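Student: Sending over a structure as structure tokens; questions will come in a sec.
Since every read-out is calculated from the coordinates, none of them should be taken as a lab result. All of these numbers come straight from a predicted model, not from anything done at the bench. Because the Cβ atoms are built from the backbone with ideal geometry, glycine has one as well, and the counts that use them run over all protein chains shown.
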Amino acid sequence: MRELSDLDMKELAEEIAALGEKSFRAAQLYDWIHRKLACSYEEMSNIPGKLKEALKERFHFGALPIRVKQESAQDGTVKYLFGLADGNAVETVLMRYRYGNSVCVSSQVGCRMGCAFCASTLGGLKRSLSAGEILGQIYAVQQDSGERVSHVVVMGIGEPLDNYDNVLRFIRMLSDEKGLNISQRNITLSTCGLVPEIRRLAAEKLQITLALSLHAVNDEKRKSIMPVAKRYSLAEVMEAVDLYFKETGRRVSFEYALIAGVNDTVRDADGLAALAAPRHCHVNLIPVNPVTERGLEEPTKEAVNSFLGELTKRHVTATVRRELGRDIDGACGQLRHKAKESGNVM
Ligand code: SAH
């Protein structure tokens with residue numbers, strides 16, 4: 001059964017018309033779902049019971065249930081495992097920064113991209129999430145924390161551009177003034193580099209930030225840790241990223257997970273600078289979060305700093321991502337993976 005929260009304003013209006021109801025009911029419903037963040041049909045006090053019954057027969061509606069919640073004692077980061085109507089589960093993370101609260105959402109159950117360092121891809125792809133299921137993660141976090149969410153990053157489980165239509169609908173609804181009205185400039189979408197979809201996204205002319213998971217600066221090395229690099233060369237990816245900048249004027253982020261002995265040499269820094277320096281971009285260095293099954297190690301603090309120094313020397317704007325929630329399985333897909341291993345979720 002479809003989620004009621006998947007319907008955008010236009011579809012909701014069509015549904016209401018098909019049920020023979022007055023058109024203002026659509027706006028009322030949209031407000032309950034996407035602004036008041038109702039958790040059930042019962043809460044919608046100004047909606048007639050007959051209409052609720054009719055909707056119940058057609059659409060599932062309800063807040064995503066919290067299956068697991070872990071709060072970091074170190075930095076207040078909260079990691080949630082949310083249940084979905086079909087028994088699957090996804091992870092969502094709330095990070096508290098000085099500039100506001102940022103939520104990291106999942107876009108798929110599992111992932112089929114197969115990156116060598118990532119826990120999300122270990123069991124492959126189960127299915128994509130609907131727009132309502134992605135929105136629901138933010139709504140549930142805001143309800144549970146009682147705090148406003150100001151920033152959203154699509155960097156949880158899954159490859160968002162492998163779920164293009166639903167993710168685009170999600171972004172449009174999230175930034176809609178009839179909903180949470182989160183500025184597109186405060187939304188970041190991270191991709192491993194699906195070239196046709198980056199080009200398609202550029203044409204949408206949104207104001208969101210595009211983050212590219214680079215992780216290696218030549219095709220050979222990139223292929224060895226990211227299977228997607230066998231489909232698209234770095235040259236093609238860079239061309240697509242340049243198009244994104246040209247169409248949107250938005251500075252692109254390059255994500256670079258530092259893995260000891262794999263991509264952390266001076267030569268790597270040099271190659272990264274060659275890609276980054278000529279572009280309007282920002283480099284985010286992430287010391288790799290070790291995943292037991294992956295056997296990859298993070299570089300020492302000194303190695304990370306010297307890599308950063310090499311970039312700065314070459315006039316690249318780069319920062320090391322502050323690590324949040326290490327004590328609560330903060331890295332991509334680790335919580336769902338562990339819950340699966342212990343038989344708690346599908
Ligand atoms: N599929 C998308 C978004 C999800 S992952 C993408 O590939 O960009 C979000 C970021 O975390 C990506 O840059 C990803 O490469 C990185 N990542 C995954 N596993 C990691 C790990 N163990 N340590 C550090 N970063 C990791």
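Student: Just need the Rg to Rh number for segment 2-60, please, alpha carbons only, Kirkwood Rh. Show your work: numbers first, answer last.
Tutor: Details: Rg = 10.1 Å, Rh = 11.3 Å.
So for segment 2-60, dividing Rg by the Kirkwood Rh gives 0.89.
Student: Can you give the Kirkwood hydrodynamic radius for segment 169-214, in Å, rounded to one decimal and based on Cα pairs?
Tutor: Details: mean 1/r = 0.0889 Å⁻¹.
Taking every pair of different Cα atoms in segment 169-214, averaging 1/r and inverting gives 11.2 Å.
Student: A further question on this structure: Taking 2.2 N^0.38 Å as the expected size of a compact globular protein, what ratio does the Cα radius of gyration of the chain give against it, to two decimals?
Tutor: Values: Rg = 20.8 Å, N = 346, 2.2 N^0.38 = 20.3 Å.
It is 1.03.
Student: Same structure, new question: Along the positive direction of the dipole of the chain (beta-carbon charges: Lys, Arg +1; Asp, Glu -1; about the Cα centre), which of 111, 192, 123 reaches farthest?
Tutor: Result: 192, furthest along the dipole toward the positive end.
Student: Same structure, new question: Using θ = phi - 60° and the Karplus curve 6.51 cos²θ - 1.76 cosθ + 1.60, what whole-Hz ³J(HN,Hα) does each residue of segment 97-114 get, with Gly and Pro shown as x?
Tutor: Rounded to whole hertz, the list is 10, 5, 7, x, 9, 10, 10, 9, 9, 8, 10, 9, 8, x, 7, 10, 7, x.
Student: How far apart, in nanometres, would the label points at residue 53 and residue 40 be if each is projected 7 angstrom from Cα along the Cα-to-Cβ direction?
Tutor: In this crude spin-label approximation the distance works out to 1.8 nm.
Student: Collect residues whose amide H, placed 1.01 Å from N in the peptide plane, falls under 5 Å from the amide H of residue 153; neighbours closer than 5 in sequence don't count.
Tutor: 103, 104, 105, 188
Student: To continue, here is another question. Here are some pairs, 230/313; 221/246; 126/221; 10/36; which of them have Cα atoms lying more than 22 Å apart in this structure?
Tutor: Working: 230/313 31 Å; 221/246 28 Å; 126/221 28 Å; 10/36 19 Å.
Checking Cα-Cα distances, 230/313; 221/246; 126/221 exceed 22 Å.
Student: For segment 36-41, in order, what is each residue's ³J(HN,Hα) by Karplus, 6.51 cos²θ - 1.76 cosθ + 1.60 with θ = phi - 60°, in whole Hz (x at glycine and Pro)?
Tutor: Per residue, the Karplus-derived 3J(HN,Hα) values read 7, 6, 4, 9, 7, 4 Hz.
Student: I've got another one for you. On average, how much area does the Cα convex hull of segment 160-252 cover when viewed from any direction, in nm²?
Tutor: Values: hull surface 23.0 nm².
Mean orientational projected area (segment 160-252, Cα hull): 5.7 nm².
Student: Run a plain Debye calculation on segment 230-321 (Cα atoms as equal point scatterers, no solvent) and give log10 I(q)/I(0) at q = 0.11, 0.14, 0.18 Å⁻¹, rounded to two decimals, same order as the q list.
Tutor: -0.34, -0.54, -0.84
Student: Let me ask something else about it. At a Förster distance of 56 Å, what's the computed FRET efficiency of residue 312 paired with residue 24, Cβ-Cβ distance as r, to 0.05?
Tutor: Working: r = 57 Å, r/R0 = 1.02.
FRET efficiency, residue 312 to residue 24: 0.50.
Student: While we're here: Could you give each residue of segment 132-141 its phi-based ³J(HN,Hα) in whole Hz, using Karplus coefficients 6.51, -1.76, 1.60 with θ = phi - 60°, and x for Gly or Pro?
Tutor: x, 6, 6, 4, x, 5, 5, 4, 5, 5
Student: List the residues whose amide H sits under 5 Å from the amide H of residue 126, counting only those 5 or more places along or on another chain, with H placed 1.01 Å from N in the peptide plane.
Tutor: 109, 110, 111
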